[in-house]
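Step one of this worksheet: look at the structure below.
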């Protein structure tokens, strides 16, 4: 079996798709996309996001939920920027895999397995793992840094 040798476009597409998804979610919970209730806005502000976070992490001590919500938001924003620019791509992809796995498991515990499957959370996890397994990342800061070495 011969491996696909041209993975340039798929890797760029994976990076862009994951990055845009993360950055969109962060923008939504920070109110950048508009107010709660507006078209194409899920949360619209931090308070509505925290309601969802409390539901998703209902099995955890309530006092830890805000901490994990902030950590997740910082990670999503950071991974989004790293994947978009191609900076430390493998680290960002592994982090994305672990973050989405944790989120998917939390959703499954709190809402049932149909929730993370319906929202393709495990697909994001697998796509991130696939991205992490690629040997190089064209059109990235990583590739520019590797050329200098």
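What follows is calculated from the coordinates using simple rules that are stated; it is not laboratory data. None of these values were measured; they are calculated from a predicted model. Cβ placement follows ideal geometry from the backbone for every residue including glycine, while neighbour counts extend to all protein chains displayed.
Just one of the listed residues (37, 104) is within 18 Å of the chain's Cα centre (by Cα) and farther than 27 Å from residue 141 by Cα, and it is 104. Can you find a residue that is surrounded by 14 or more Cβ atoms within 10 Å (Cβ to Cβ), under 17 Å from residue 68 (Cβ atoms), more than 11 Å from the chain's Cα centre (by Cα) and without any contact (Cβ under 8 Å) to a residue 60 or more places away in the chain anywhere in the range 111-122? Checking the range 111-122: at least one residue is surrounded by 14 or more Cβ atoms within 10 Å (Cβ to Cβ), under 17 Å from residue 68 (Cβ atoms), more than 11 Å from the chain's Cα centre (by Cα) and without any contact (Cβ under 8 Å) to a residue 60 or more places away in the chain.
Looking across 42, 78, one residue alone is out of contact with any helix residue (DSSP H, G or I) (no Cβ under 7 Å at 6 or more places or on another chain) and either crowded, with 18+ Cβ neighbours inside 10 Å or closer than 20 Å to residue 24 by Cα (or both). It is 78. Might you check whether a residue that is more than 14 Å from residue 25 (Cβ to Cβ) and loosely packed, with under 13 Cβ neighbours inside 10 Å occurs anywhere in the range 126-135? Yes: the range 126-135 contains one or more residues that are more than 14 Å from residue 25 (Cβ to Cβ) and loosely packed, with under 13 Cβ neighbours inside 10 Å. Name the residue that is nearest to the chain's Cα centre (by Cα), counting only residues in the range 24-33 that are more than 19 Å from residue 100 (Cβ to Cβ) and surrounded by 14 or more Cβ atoms within 10 Å (Cβ to Cβ). Among those that are more than 19 Å from residue 100 (Cβ to Cβ) and surrounded by 14 or more Cβ atoms within 10 Å (Cβ to Cβ), it is 30. Taking the listed residues 36, 62, 48, the one that is loosely packed, with under 14 Cβ neighbours inside 10 Å and in contact with a helix residue (DSSP H, G or I) (Cβ under 9 Å, 6 or more places away or on another chain) is 62, with no other qualifying.
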